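Student: Got a structure here, written out as structure tokens. Questions coming.
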Amino acid sequence: MIFRSYCILAQKTAQVLVSGRHQLPTCIWLSFRRSASSLAVCPPVLSVQPTRALVDEKFQIVVRNLRPKQEVTVHSLHHSEDKEYWEAFGHYISDENGTVTVMEDASRGGTYTGTEPMGLLWSLRPIPGSRHGLRLRKMNVLSPMVVNISVYKGHLNQGFSEEAPLATVVTERWYLVPGVQRVDIREQGVKGTLFIPPGPGPFPAVLDIWGGGVGVAEHRAALLASHGFVALALDYLSVNKKGILHVETGYFEMAYNILQSLPQVSSERVAVLGLSLGATATLTLAAYSKTAKPRCCVSISGSHVHHLKILFGILQRMNQRLPKTRLDENNHFILRGVFLPIPTEPDLKVDVDKIECPLLIVIGQDDQSWATVESTEDIEQIMERSGKRNLLTVLSYPDAGHLIEPPYTPHVRCSTFINQHSREKVMMLWGGQTKPHADAQEDAWEKILLFLHKHLYQDIPPADKL
Amino acid sequence: MSGKEPCPLVVVRPSRGIVDEKFVVLVQNLPPGLAVTVHALIHSEDDDFWEAFGHYISDDRGCVNVAKDGSIGGSYDGVKPMGLLWSMKPIPGSRPGLRLRKKDVHTPLVVNISVYQGHMNERFKDTPALACAVAERWYKGPGVQRVGITTNGLKGTLFLPPGAGPFPGLLDLWGGGGGLVEYRSALLASHGYVSLALDYMTPKTSGNNTQHVGNDYFEAAFRLLQEHPQVCADRIALLGLSFGTSVALGMAVYSPVIKPKCLVSVSGSHVMPVNGSLSDVFAEIKKNAHNTRHDEENRIIWRDLLLPIPDDPSKKVDVGQIQCPVLLLVGEDDQNWPASESAEDMRQMMEKAGNSHLLTIASYPGTGHLIEPPYSPHIRASNFMVAQSRTKVIVLWGGQTVPHSKAQEDAWQKTLVFLEDHLYGIKHR
């Protein structure tokens, strides 16, 4: 009777579509074991604050009204844009008041242990039975990442979809603050997405360059705009119609120039930030451009070894037979060999000693994709020799991998990489262990923002520092 | 043309908040010691503009932190973290008698925060700002479902918290203004209650007959909550504001069907014909129409319509028979309803009957009739449509902005604690 009346209610709820066990909202996820209408025990109260936050903001999850010393599992679930399910969970025991405070209490098991306020996000992983090699990326930054937080009875490790949770709340994680404008850029052959903070400006700006994956990722630029920078997420890999990856430094210069000339941008305060292949583009621009003079640069998981042309060539020929690469015991593809040994001849490397602006280098010591540790050592030596060591700041994180993303992005040790030219796939080993990699992402982002604020906003620390 | 120097930055955290959450507004990158005005603007659904502003001086780091620094002028002064919201008033030149109420709870209130150079009091529209930010204020938390209710002749909206539940329930009754007002229920659902906002003032008209809803209407509403699979049937509260309190108290005492676990009365009174229908209540109030007064600006004061508090027991709800905890929230400057006098009389009745241990009264000085969720802008008077005669008048609600806003914050806190205590069994120490 309860079931039927519930279905009638569900039908009346026009917006709610139930097509699968995991479909949101989870109120439909009932096991109907519990009689709804009479309850001897008070239900627990689960809260998350803030309910809607920026992706780099911490949240506070509190469970109240449990029994004292009750074993519970706090669980997070996210349904991604590409229709995959990611979950994380921690095992807790309530205190004598029947309360669990995730920010303060220690998880005794699950996908993370210890006192980890944000473990429910950074330890997210594909649910059992998912395809191998997934990576979590938000392509549409105009909508939030929606995460269900639930609390279950007992210390569970699986079967979350078969159990009825004691309580569920929903939280939104946004890459954009309200008021940030998103503008598609198609100008003078340059392609990208521009994010402009609200207000009259002018603002400092960041040219944001990703690596060798698909198209352009907007999420970091959106986040930078939410911190007060005009940010241009540059698309440079899909521009060539012939299917040949061939982009000159001139393309990046043009992009820099377009950004700098915007009326909302303070032309003297532009930075370039790149990850992986984008870092090479960053170093190249900073070293060689006669017109682009960034105020500062950030290179994440980058290397000065091989000029862009060579790297594009490598990207195009990316498959398991590529010389100097190898497969590990799990058939995961290790690329880093192509950078080694670090050449001694200067013309095989980007001339970093020509860089005139402060440079922040961020690397993971377990980077299996690029030889960033060795490259950075070489960069340090080169800059030492040319008396420019004071321009360089190096952040080197033990057990962190290649994909150093904004904080709380789930760590993946490997994921599917598709060669855009040949459509061949490899399972790319990025490296890193989850907890140290998550710590690295959090620390690196904070320091990147501080670095950008220092050089672009005249030494004023970002909001969270005050 | 872009200047060479970058502009100041204003940051709001959280940038998307629930309406009862505090926020922090931070301005940075100003020259030190600069006089600035921090200004907030809302463009309402009714196409009006509301604004508030504070006067500050940047510190030696070039920052202003509205949560920590004191405003030295504007629409609020002193350290008032949320002053940019609760001190909002319609901008100069607006239509008179406005009230800020959110109709569509699927979208947030959008607040534009701007920083201006100097200590300004007007002409914000004509002056370029130094920096801007946008903050959203939501009545509805993520995952809260909204369900329109038209079954059993009822007209209302049900809000359900996310999750399977079951949850305690709440019947949410607004006052004589009528209509279907959803925002408080959306907010309560965001706090874990299945909340039914009920439209009961709209009379049914068929031919020449205008009929108000009978008591069975409220019983049907209560039963809907009781029978809902996601509601704990024995944990349902009644929450009434103004006239809604009269309904709530009457039902709690006299209805064989409605047995609330607890009751919250905001700016309410127990004075009404015993076990009367809505029509009876209106007829009785009409008898006292000559008690209507006006203030110096010809705004209507209706508080005397129920005064003096009758001794005749047939003219007021016998609160001595109430069996559940009751929280009375009362504004001492209520010009619309004699909430203070009623609360005092209720206290005496319950003491006499021996059930006054169930009663909690929170009485707020300088506070008017419209005790709304926190940070809602205070208005001392506004337009009101008299339902029966369809005439527009301006009603005096009362209250002074600063104490009234403080009261709203405290009253909401007390309401949430009270509901958690009696519906969730959570004792706050």
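The values are calculated or read from the model by the stated rules, or taken from the named source; none is laboratory data. A quick note: this is a predicted structure, and the numbers were derived from the prediction, not measured. Note: ideal-geometry Cβ built from the backbone for every residue, glycine included; neighbour counts use all protein chains shown. We work out accessible area using only protein heavy atoms, side chains counted, and drop any ligands, DNA or RNA first. Shrake-Rupley method; radii C 1.70, N 1.55, O 1.52, S 1.80 Å.
Student: Residue check, B:G97 against (1) small (G, A, S); (2) assigned to a loop (DSSP other than H, G, I, E, B); (3) in contact with a Gly (Cβ under 9 Å, 6 or more places away or on another chain), all met but one. Which one?
Tutor: Status for B:G97: all satisfied but (3).
Student: Moving on. Here are some conditions: (1) within 14 Å of chain B (Cβ to nearest Cβ); (2) open to solvent by less than 10 Å² (accessible area, probe 1.4 Å). A:S143 meets all but one. Which one does it not meet?
Tutor: In the conditions (1) within 14 Å of chain B (Cβ to nearest Cβ); (2) open to solvent by less than 10 Å² (accessible area, probe 1.4 Å), A:S143 misses (2) alone.
Student: Under 8 Å between Cβ atoms, which residue pairs at least 6 apart in sequence (or on different chains) link something in region B:140-154 that is more than 9 Å from chain A (Cβ to nearest Cβ) with a partner that is assigned to a strand (DSSP E or B)?
Tutor: Qualifying pairs under 8 Å: B:K140/B:R146; B:K140/B:F159; B:L154/B:L198.
Student: What is the one condition in (1) out of contact with any Pro (no Cβ under 6 Å at 6 or more places or on another chain); (2) surrounded by fewer than 24 Cβ atoms within 10 Å (Cβ to Cβ); (3) closer than 28 Å to B:R235 by Cα; (4) touching a residue at least 12 places away in the same chain (Cβ under 8 Å) that B:P313 does not satisfy?
Tutor: Answer for B:P313: the failing condition is (3).
Student: Could you check, for region B:380-390, whether at least one of its residues is open to solvent by less than 60 Å² (accessible area, probe 1.4 Å), without any contact (Cβ under 8 Å) to a residue 40 or more places away in the chain and away from chain A (no Cβ under 14 Å)?
Tutor: yes
Student: Can I ask one more? Could you look through region A:146-159, keep only residues that are in contact with a Ser or Thr (Cβ under 8 Å, 6 or more places away or on another chain) and open to solvent by less than 40 Å² (accessible area, probe 1.4 Å), and pick out the one that is farthest from A:L120 (Cα to Cα)?
Tutor: My answer is A:G154.
Student: Any idea which residue in region B:112-131 is nearest to the other protein chains (Cβ to nearest Cβ), counting only those that are surrounded by fewer than 21 Cβ atoms within 10 Å (Cβ to Cβ) and assigned to a strand (DSSP E or B)?
Tutor: If we take residues in region B:112-131 being surrounded by fewer than 21 Cβ atoms within 10 Å (Cβ to Cβ) and assigned to a strand (DSSP E or B), then B:N112 is nearest to the other protein chains (Cβ to nearest Cβ).
Student: Another question, then. Taking B:G366 and the conditions (1) open to solvent by less than 20 Å² (accessible area, probe 1.4 Å); (2) within 28 Å of B:F23 (Cα to Cα); (3) touching a Gly at 6+ places or on another chain (Cβ under 7 Å); (4) not in a helix (DSSP H, G or I), which numbered condition does it fall short on, given that it satisfies the others?
Tutor: For B:G366, the exception is condition (1).
Student: Can you pull out the residues in region B:285-324 that are part of a loop (DSSP other than H, G, I, E, B) and under 16 Å from B:M349 (Cβ atoms)?
Tutor: Within region B:285-324, B:P308, B:I309, B:P310, B:D311, B:D312, B:V317, B:D318, B:I322, B:Q323, B:C324 meet the criteria.
Student: Also, I was wondering about something else. Among the residues of region A:166-186, write down those that are part of a loop (DSSP other than H, G, I, E, B) and more than 7 Å from every other protein chain (Cβ to nearest Cβ).
Tutor: A:L166, A:Y175, A:L176, A:V180
Student: At least 2 residues that are within 14 Å of chain A (Cβ to nearest Cβ) in each: list the strands (runs of 3 or more DSSP E) lying fully within region B:1-81 that qualify.
Tutor: Fully inside region B:1-81 and qualifying: B:9-13, B:16-18, B:24-28, B:35-43.
Student: Now, a different point. Would you please list the contacts, defined by Cβ atoms under 6 Å and residues six or more apart or on different chains, that run from a residue in region B:210-234 that is within 11 Å of B:L170 (Cα to Cα) and more than 7 Å from chain A (Cβ to nearest Cβ) to a residue that is part of a helix (DSSP H, G or I) and modelled with pLDDT of 90 or more?
Tutor: Listed by first residue and then by second, the contacts come to B:V231/B:L225.
Student: Turning to a different aspect of this structure: Restricting to region A:83-116, name every residue that is more than 14 Å from every other protein chain (Cβ to nearest Cβ), without any contact (Cβ under 8 Å) to a residue 40 or more places away in the chain and open to solvent by 30 Å² or more (accessible area, probe 1.4 Å).
Tutor: Residues satisfying the conditions are A:K83, A:I93, A:E104, A:D105, A:A106, A:T113, A:T115.
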